[in-house]
Amino acid sequence: MRRAGLVVADALVAVRDRVRSGVTTAELNGVAAEVINSAGARPSFLGYGESPTRQGFPGVCCLSVNDEIVHGIGGDRVLADGDLISIDCGAIVEGWHGDAAITVEVGAVAAERRHLSQATRSAMWHGIAAARLGGRVTDISAAIEARVDALEVDHERPYGIVEGFVGHGIGSAMHQEPDVPNAGRPGRGPKIIPGLALAVEPMLTLGEPDHRLLGDGWTAVTVDGSVAAHWEHTMTVTEHGIWVLTAHDGGESELAALGVRFGPLAN
């Protein structure tokens, strides 16, 4: 999973570096595909959810712009200065998955959009930092919600926490039990034990958190048209501390800033 996580991390950096005004989301999807294929990995998202009655997801990554919360499909949409784009990517190495997302500013964005992305990223890291062996999954949820509450005070504005989409277990499949809600009371849900890997992924909006699906059957957008942001990492907790499998440094720098122990598996 660490190998898969690093492929995802590389893909997200490559896509981020290509984000600019005038680029299409299809071009960004192609960048992610090139990185994943060059690494000898397979994309987790392409064809996901396919069934006899439904076409699988058509992209290598999800590219969600402005009011699109998640599962946006790369196409002929052209990015413009001021846009906010969330990039969600997954990869498979020898049957094991990694999954992560970032939100990127296109050119100069409004301060409230920049603060939204910063708040979402910060909430994700506070959620990850709350994980402990022997703790419960909703300890993460409560920490995300508490961080959002604190940042609402700092930023002097409310944020909508999207509860219709949640984090999840991950490993030999991209989506596994347990769910990881982005709000809730601590001390509930399954115990966090060695070997449990989780994708922690808050999604916040500048307005109401309600969403609806577009006609493509995948793209979720805010009902009120407000802008959304999405950040995600795949992580686990070892006996040595927290290990973020989709961060290049394993999350060491972010966890240190929060006073939390970092601990990859021993070689």
### Query
How much space per residue, in cubic angstrom, does the convex hull of the C-alpha atoms of region 68-206 take up?
111 Å³
## Note on the structure
Ignoring ligands and nucleic acids, Phe262 exposes an accessible area, probe 1.4 Å, in Å² to the nearest 10, of 60 Å²
### Query
Summing Lys, Arg as +1 and Asp, Glu as -1, what charge do residues with Cβ under 12 Å from the Cβ of His126 carry, His126 excluded?
-2
### Message
With a 1.4 Å probe and all protein chains left in place, how much accessible area per residue does region 1-60 have, in Å²?
### Response
51 Å²
### Task
Choose one of Ala129, His230, Met203: the residue whose Cα lies farthest towards the positive end of the charge dipole of region 109-232 (beta-carbon charges +1 Lys, Arg; -1 Asp, Glu; about the Cα centre).
Ala129
### Query
Tell me, what is the percent relative contact order of the chain, built from C-alpha pairs under 8 Å that lie six or more residues apart?
20 percent
### Summary
Here P(r) for region 129-200, Cα-Cα distances in 10 Å bins, as whole percents, is 21, 48, 24, 7, 0
### Query
Looking at the P(r) of region 64-116, how many percent of alpha-carbon pairs lie beyond 14 Å?
58 percent
### Message
With every protein chain left in place and a probe of 1.4 Å, what is the accessible surface of Thr236, to the nearest 10 Å²?
### Response
20 Å²
### Task
Could you pull the Rg and Dmax for region 128-255, using just the Cα atoms, both in Å?
15.2, 46
### Message
Out of the trypsin sites (Lys or Arg not before Pro) in region 139-191, which ones are loop residues according to DSSP with at most 14 other C-beta atoms within 10 Å?
### Response
Arg188
### Message
Using Cα springs under 10 Å in a Gaussian network model of the chain, which residue among Asp139, Asp210, Asp17 shows the largest mean-square fluctuation?
### Response
Asp17
### Query
Build a GNM of the chain with springs between Cα atoms under 10 Å: which of Gln55, Gln118, Gln176 gets the top mean-square fluctuation?
Gln55
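Among Tyr159, Tyr48, what's the order by accessible area (1.4 angstrom probe), most exposed first?
Tyr48, Tyr159
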### Task
Can you work out the PRE-style zone for Asp154? Point 7 Å along Cα to Cβ, and I want the residues of region 105-131 with backbone N under 20 Å.
105, 109-131
### Message
Quick check for you: with a 1.4 Å probe and neighbouring chains kept, what is the accessible area per residue of region 63-128, in Å²?
### Response
32 Å²
### Summary
Computed on Cα atoms, Rg of region 48-146 relative to 2.2 N^0.38 Å comes out at 1.30
### Message
What's the longest uninterrupted piece of the chain once you rule out the GluC sites (Glu not before Pro) that are loop residues per DSSP with at most 12 other Cβ within 10 Å?
### Response
157-238
### Task
Alpha carbons only, please: Rg and Dmax for the chain, in angstrom.
17.2, 50
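The values are calculated or read from the model by the stated rules, or taken from the named source; none is laboratory data. Please read these numbers as outputs of a predicted model, since none were measured by experiment. Note that each Cβ is placed from the backbone with ideal geometry, even for glycine, and that neighbours are counted across all protein chains shown. Note: accessible area is taken over every heavy atom of the protein model, side chains too, but ligands, DNA and RNA are not part of it. Shrake-Rupley method; radii C 1.70, N 1.55, O 1.52, S 1.80 Å.
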